[in-house]
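Student: Below you'll find the structure I mean.
The values are calculated or read from the model by the stated rules, or taken from the named source; none is laboratory data. Note that the structure is predicted; figures quoted are calculated from it, not measured. Here the Cβ is made from the backbone with ideal geometry for all residues, glycine too, and neighbour counts use every protein chain on show.
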Amino acid sequence: MPTDKINAAASGTWRLGDLTVNRLGFGAMRLPQSGRAFAADAVPRDRNRAIGVLRRAVELGVDHIDTASFYFSRLRSANELINRALGPYPEGLVISTKVGPGRHPDGSWWWADPGQLRGQVEENLRQLGRDHLDLVNLRIRPGRADGPIAEHFGALAELRTAGLIRHLGLSYALPHHLAEARSIAPVVCVQNPYGIGSPAEDHAFVDACGEQGVAFVPFFAIAGTGKESGAVADDEDRVRAAARARGVSPAQLRLSWTLSRGPHVLAIPGTGDPDHLAENVAAGALRLSAHEVERLTPPDSADTSLP
């Protein structure tokens, strides 16, 4: 599949509140380092190469970039790279981020109380060089999926009212989280791990988001069970066979399948490689038939439930 002349606009568009974005975006998690994200021995990525990838993404029509202040390696911060590469930001570029988790300089994790969320929002503002954030997703803490999120989401809703945040979303959310959050303030997206092989309940949640007009923004759509490590080397036979039949890569097939799940489904594949970037953007122009989608969505999908 040719990749050098395809623009992200070929993927179609969706509205995040009052912001229209191409459905094929870019995730910045892998920008600061090569190899497994967040690993203690991660190798910082070449700064100029990372900046070049960001600029090339925008040239290819990407207008939705997902990031977080906790995306950093020993020497590189995704937010700082975005600021350096793209500031002053072009009109129409939407930058989404997430709060809830944080990382100390040594890489260890901590989780914010409701009163600490403003500090995380302000840190993203500082790093990105913005006076407001287009979209902030509340990342729900693993292991507390059954607990209420009203205090945390309510704190973000207050920051939205104050003008620091334009739109709100959820990450690692379950259906009851979405219902609880929507009773407090508008929710424009849900950002969860999702892709070929996800269980039936995840497919149902994707559909439910569409019925409510809420964007579904999957991550690990390419990586699958590889998660932070990247795509698994031994891809499933059915994925490889379908990709060969189409003359595309397994990664492109996975992205196309993801986008086929509904017009409200966006994609934010990340990479630090300019060739992989072009390949990912080109996947937005690939259209799978209903038969292909069905064959790639078996009823006994493996469980990839939230950690």
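Student: I'd like the full set of residues that are assigned to a helix (DSSP H, G or I) and polar (S, T, N, Q), limited to region 238-269.
Tutor: Step one: filter region 238-269 for residues assigned to a helix (DSSP H, G or I), giving 238-246, 250-259.
Scanning region 238-269 gives 252, 256, 258.
Student: While we're looking at this one, here's another question. How about region 116-125: which of its residues are out of contact with any helix residue (DSSP H, G or I) (no Cβ under 7 Å at 6 or more places or on another chain) and either surrounded by fewer than 10 Cβ atoms within 10 Å (Cβ to Cβ) or within 25 Å of residue 42 (Cα to Cα) (or both)? Talk me through it step by step, then tell me what you get.
Tutor: Taking region 116-125 and keeping what is out of contact with any helix residue (DSSP H, G or I) (no Cβ under 7 Å at 6 or more places or on another chain), we get 116, 119-120, 122-123, 125.
Residues satisfying the conditions are 120, 123.
This table checks each residue for (1) of a type outside the set (Asp, Glu); (2) touching a Leu at 6+ places or on another chain (Cβ under 9 Å).
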{"residue": "21", "(1), (2)": "yes, yes"}
{"residue": "30", "(1), (2)": "yes, no"}
{"residue": "34", "(1), (2)": "yes, no"}
{"residue": "39", "(1), (2)": "yes, no"}
{"residue": "48", "(1), (2)": "yes, no"}
{"residue": "56", "(1), (2)": "yes, yes"}
{"residue": "63", "(1), (2)": "no, yes"}
{"residue": "72", "(1), (2)": "yes, no"}
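Student: Filter region 80-99 for residues that are over 14 Å from residue 133 (Cβ atoms) and not aliphatic (A, V, I, L, M) and give the result.
Tutor: Restricting attention to region 80-99, the residues satisfying the condition of being over 14 Å from residue 133 (Cβ atoms) are 80-81, 84-88, 90-92.
Of everything in region 80-99, those that are over 14 Å from residue 133 (Cβ atoms) and not aliphatic (A, V, I, L, M) turn out to be 80, 84, 87, 88, 90, 91, 92.
Student: While we're on this one: Could you go through region 212-234 and let me know if any residue there is modelled with pLDDT under 95 and over 19 Å from the mean Cα position of the chain (by Cα).
Tutor: Residues of region 212-234 modelled with pLDDT under 95: 219-234.
The next check asks that each one be over 19 Å from the mean Cα position of the chain (by Cα); those that pass are 233-234.
Yes, region 212-234 contains at least one residue that is modelled with pLDDT under 95 and over 19 Å from the mean Cα position of the chain (by Cα).
Student: Can you tell me which residue among 108, 77 is without any contact (Cβ under 8 Å) to a residue 24 or more places away in the chain, polar (S, T, N, Q) and either touching a Gly at 6+ places or on another chain (Cβ under 8 Å) or farther than 27 Å from residue 6 by Cβ (or both)? Can you show your working first?
Tutor: Working: 77 fails: without any contact (Cβ under 8 Å) to a residue 24 or more places away in the chain.
Unique residue meeting the criteria: 108.
Student: Considering only region 143-177, how many residues are basic (Lys, Arg) and surrounded by 17 or more Cβ atoms within 10 Å (Cβ to Cβ)? Give the derivation first.
Tutor: Quick first cut of region 143-177, residues basic (Lys, Arg) only: 144, 160, 166.
Next, only the ones that are surrounded by 17 or more Cβ atoms within 10 Å (Cβ to Cβ) stay: 160, 166.
Of the residues in that region, 2 qualify.
Student: Among (1) hydrophobic (A, V, I, L, M, F, W, C); (2) in contact (Cβ under 8 Å) with a residue 12 or more places away in the chain; (3) part of a strand (DSSP E or B); (4) closer than 29 Å to residue 40 by Cβ, there is one condition residue 135 misses while meeting the rest; what is its number?
Tutor: In the conditions (1) hydrophobic (A, V, I, L, M, F, W, C); (2) in contact (Cβ under 8 Å) with a residue 12 or more places away in the chain; (3) part of a strand (DSSP E or B); (4) closer than 29 Å to residue 40 by Cβ, residue 135 misses (4) alone.
Student: Grab the strands (runs of 3 or more DSSP E) fully contained in region 1-108, keeping just those with 1 or more residues being at pLDDT 95 or above, crowded, with 23+ Cβ neighbours inside 10 Å and touching a helix residue (DSSP H, G or I) at 6+ places or on another chain (Cβ under 6 Å).
Tutor: The strands (runs of 3 or more DSSP E) meeting that bar are 19-22, 94-99.
Student: Can you find, within region 138-156, the residue that is farthest from the chain's Cα centre (by Cα) among those that are modelled with pLDDT of 95 or more and assigned to a loop (DSSP other than H, G, I, E, B)? Steps first, answer last, please.
Tutor: From region 138-156, those modelled with pLDDT of 95 or more are 138-140, 149-156; that's our starting set.
If we keep only those that are assigned to a loop (DSSP other than H, G, I, E, B) too, we end up with 140, 149.
Values: 140: 15, 149: 21 Å.
Among those residues, the one meeting the criterion is 149.
Student: Could you run through region 180-206 and say how many residues are more than 20 Å from residue 254 (Cβ to Cβ) and either among the polar types (S, T, N, Q) or assigned to a loop (DSSP other than H, G, I, E, B) (or both)?
Tutor: 6
Student: Taking into account only those residues within region 183-210 that are within 21 Å of residue 222 (Cα to Cα) and among the small types (Gly, Ala, Ser), which is modelled with the highest pLDDT?
Tutor: 204
Student: Among the residues of region 207-216, count how many are part of a helix (DSSP H, G or I) and buried (at least 21 other Cβ atoms within 10 Å of the Cβ).
Tutor: Let us first name the residues in region 207-216 that are part of a helix (DSSP H, G or I), namely 207-211.
Checking which are buried (at least 21 other Cβ atoms within 10 Å of the Cβ) leaves us with 209.
Count: 1.
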